[in-house]
Structures are given as structure tokens and as C-alpha cells.
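Step one of this worksheet: look at the structure below.
Each reported figure results from applying straightforward, stated rules to the coordinates on display, with no laboratory input. Just so it is clear, the model here is predicted, and its values are computed rather than measured. Note: ideal-geometry Cβ built from the backbone for every residue, glycine included; neighbour counts use all protein chains shown.
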Amino acid sequence: MRPAAGPSLTAAEIEGRLLAQRQLLAAMIGRIAAADADPDALWDWLEAKFVYRDQHEDPGVSPDPAFAIEAASARETRAVIAGAREAFEARRRGPT
């Protein structure tokens, strides 16, 4: 079944779908890290490859739309990586 797309989605629907994707992706990355011989290298690679950083950012200035999208993408990427680390740590600790 193909989900509805476009402006007919409410903000709550978009947020719910994004959250589900974030949780699934974090769980998958967490399992990959648990199976990796060097999980720290995986975390380092993810941070270096996918987290956008701009040393020239001025939080007092309103970003242009292109920068706002990149900043939102960076925040989402950090959230996914943080969730993956939590899933990895929980898996490493084992059942409670």
C-alpha cells in the first residue's frame, strides 16, 4: 500500500512517520554496531560522513531556507545516531 503524500498530510502525520523512520533506522544501526568488531569506528564514520557542521554559523541571524534545511537535516542525523547509540548500549547491556 502506498502512503498518501503531499499537502494532505497533517503535521502530526508527518512527525509520526518521521519518528517511526528514525526509530527503525536507529534500531538497525544499533544492531550493526553490536555486530561490528570496532563499533567506535562506526560511530566516528557516521559522525564524519553524515553530520553537517558549519563553523561560520551565527545563531543570532535567521538562516536562509537552504541553510535551514541543512541544519534540520543535521539535527535529524544527530537524533538518529543518538538513538542508534542508545539501541547499541541497550543491546550490549542485555536484557534487564
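Rounded to 0.05, the FRET efficiency of the A41 and I14 pair, given R0 = 41 Å and the Cβ-Cβ distance, is 0.75. The modelled label-to-label distance for the pair L25/A90, using points 7 Å beyond Cα in the direction of Cβ, is 1.8 nm.
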